[in-house]
Amino acid sequence: MGAYKLAIEALNAEAFRRLIRALKTDPAALAAMQAAAKDEVVYAVLRRYELLKPSLNERVEQALDSVRPMLKSHGGDVELVGVRPPSVEVRFKGACDSCPASTLTFHAGVKKALQDGCPEITEVIQVKRMAGGSENGVRFVSPFALNAEGNWNPVGILSDFADGAIHAIEVGGQKVILSRNGASITCFQNACAHLGFPIHDGEVANGIITCPHHGFQYDLASGECLTAPEVQLQPHAVRIVGSKVEIRISA
Ligand code: FES
């Protein structure tokens, strides 16, 4: 932009600034100005000169944009479902939608970004995608299966696996545990990351299993060890085709 245009821009900005400062001295005029700012052209011009703070919707979009590179690097994304102060509803897409670690991603990433950028938002709701209905009948694929081809082992139907319970089975010569949470199932090697002892008899509470041997605890959604964060349960890929549950044993 040339010097002349820059000077005109600066003059316009200063004129608007003085105009708004003057209007603010009269409550009636201030209310009229706020009403006028609802017009999208007026709003765009005032925003251009930074005379209005970004709207809540803009700040929500900015907050979501700030976490999208991280989500996209894992093959996922997040979409805005609605802004209803003090609540915002979002939905995960792609790999994030079916990821066992989506709870962690939601709280540590999306929810934190929204509440940091929009302090007036006190509730962030994760809207779940409706289960079922993809073209090939696959209702759920764990992220450990993103590039998995072949070697899927059928292990039963969804209703065989009680919600919140641990199911110890042997698949492809490997001892594994399955844990169901609603429409998704995770599968891990039945071996504690501490000393490798079977973990299936451990107590389960709030999505966490406690190893019966020395008390290591694991998040059953991600396999993350809550006792020693540097280790985790070995995951295996799971997919649900129609109502059939299939497992692919990791190498
Ligand atoms: S073998 Fe599980 S805590 Fe030691």
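Taking R0 as 30 Å, what's the FRET efficiency between Ala168 and Glu230 from their Cβ-Cβ distance, rounded to 0.05? Given R0 = 30 Å and the Cβ-Cβ separation, E is 0.75.
Each label point is 7 Å from the Cα along the Cα-to-Cβ direction; what then is the distance between the points at Lys112 and Ser159, in nm? Reported label-point gap for Lys112 and Ser159 is 4.2 nm.
Could you give me D for the stretch 176-231, from Stokes-Einstein at 4 °C and 1.567 mPa s, where the hydrodynamic radius is the Kirkwood radius over C-alpha pairs? Units µm² s⁻¹, please. Once the numbers are plugged in, D ends up at 116 µm²/s.
Hey, if you drop one equal point scatterer on each alpha-carbon of the stretch 155-251 and run the Debye formula without solvent, what base-10 log of I(q)/I(0) do you get at q = 0.20, 0.21, 0.25 Å⁻¹? Values, matching the q order: -0.92, -1.02, -1.40.
Here the accessible area of the stretch 1-76 is 62 percent carbon and sulfur, with a 1.4 angstrom probe and all protein chains present. Spacing of the modelled spin labels on Ile208 and Asn181, each 7 Å from Cα toward Cβ, amounts to 1.3 nm. Each of Ala36 and Glu89 was given a label point 7 Å from its Cα along the Cα-to-Cβ line. The distance between the two points is 3.7 nm.
Of the residues Tyr43, Tyr4, ranked by 1.4 Å probe accessible area with the largest first, the sequence reads Tyr4, Tyr43.
Length gained on full extension, Ala13 to Lys53: 12.9 nm, using 0.36 nm per residue less the C-alpha separation. Cross-link check: pairs Lys72/Lys112; Lys38/Lys93; Lys24/Lys112 evaluated at a Cα-Cα cut-off of 23 Å; pairs beyond the cut-off: Lys38/Lys93; Lys24/Lys112.
The values are calculated or read from the model by the stated rules, or taken from the named source; none is laboratory data. Note that this is a predicted model, so its numbers are computed, not measured. All Cβ positions, even for glycine, are placed from backbone atoms using ideal geometry, and neighbour counts span all protein chains on display. Protein only, heavy atoms only, side chains kept; ligands, DNA and RNA dropped before computing areas. Shrake-Rupley method; radii C 1.70, N 1.55, O 1.52, S 1.80 Å.
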